[in-house]
Amino acid sequence: PLKELRRGLPALFTVMLFVTAVLVLSGLRPSATRYTQLLQSAELAMSNQDYPKALIAYERMIQVGHDDPGTQFSLARCLAAMGEYQRAAQLLFALAPDDKLGYVPAHRVRAFLIMQSPQATPEDLALARRHLERVLAAHPEDDEAHGLLASLLLRMKDVAGARNEFVQGTDNRPDLALNAAMLSRQIGDAKAMIANAAIATDTAAIHPVAW
């Protein structure tokens, strides 16, 4: 677990620092106001890269009873940023176990980390695929997961499967249509190539590149 986390650490920061936990406050519990203050303090500290201060806030959130997966995930990203890889790995692996559905964002990160290693074995890649499939089973419209799975399938030499995953993501990410068009051409699917190229062209017309 520690080796896996170290391999993808730079990419882990990119992914995790832009993920905000969705936490629901219900009722008028005495800890609600304190929790809100701590959450604001933690997220501000993270944005300012003041990780020790964020760590204190997250740990206090857990102490006042908010030890939900979102808070644990935020704590893991903070620990990773501080270089406390062993603790971060323990939290991440507990949140996204290999054999069942856990916290969906953590499964996406687990897959991403595995994919960062050029030495990943076929068994490792199969594990990454299972993590992404759990994400998509819970959230079929997760375009990031579709894109990651497409990249993974390309690495596994499944061009048709990769093309289909890119297509799945074009509803909210039309830019993925260009990848789908290119892969459709590669597998000889002219009809799909034309359809996806049209989507990509329309997107480029609406959002032209600024030179």
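On the basis of being over 22 Å from R77 (Cα atoms), at pLDDT 95 or above and either open to solvent by 50 Å² or more (accessible area, probe 1.4 Å) or of a type outside the set (K, R) (or both), does L127 make the cut?
So L127 fails the test.
Screening the candidates V104, V159 for the property of being among the β-branched types (V, I, T), at pLDDT 90 or above and under 19 Å from L92 (Cα atoms) yields one hit, V104. Across segment 132-146, the qualifying residues are those that are over 16 Å from N172 (Cβ atoms) and touching a helix residue (DSSP H, G or I) at 6+ places or on another chain (Cβ under 7 Å), and the one among them that is surrounded by the most Cβ atoms within 10 Å (Cβ to Cβ) is L132.
If you take the residues in segment 86-113 that are surrounded by 18 or more Cβ atoms within 10 Å (Cβ to Cβ) and more than 15 Å from the chain's Cα centre (by Cα), which one is farthest from E133 (Cα to Cα)? Filtering first and then ranking leaves A88.
Within segment 170-200, being open to solvent by 80 Å² or more (accessible area, probe 1.4 Å) and at pLDDT below 75 holds for D171, N172. When G83 is tested against (1) open to solvent by 40 Å² or more (accessible area, probe 1.4 Å); (2) at positive phi; (3) not hydrophobic (A, V, I, L, M, F, W, C), only condition (1) is not met. Which of the residues belonging to segment 48-72 are under 19 Å from G83 (Cβ atoms) and open to solvent by 50 Å² or more (accessible area, probe 1.4 Å)? Hits for segment 48-72 are N48, Q49, D50, P52, K53, I56, E59.
The values are calculated or read from the model by the stated rules, or taken from the named source; none is laboratory data. These numbers were taken from a predicted model, which means no experiment stands behind them. When we count neighbours, we look across all protein chains shown, and the Cβ atoms used for this are built from the backbone with ideal geometry, even at glycine. Each accessible area value is taken on the protein alone, full model and side chains, heavy atoms only, with ligands, DNA and RNA left out. Shrake-Rupley method; radii C 1.70, N 1.55, O 1.52, S 1.80 Å.
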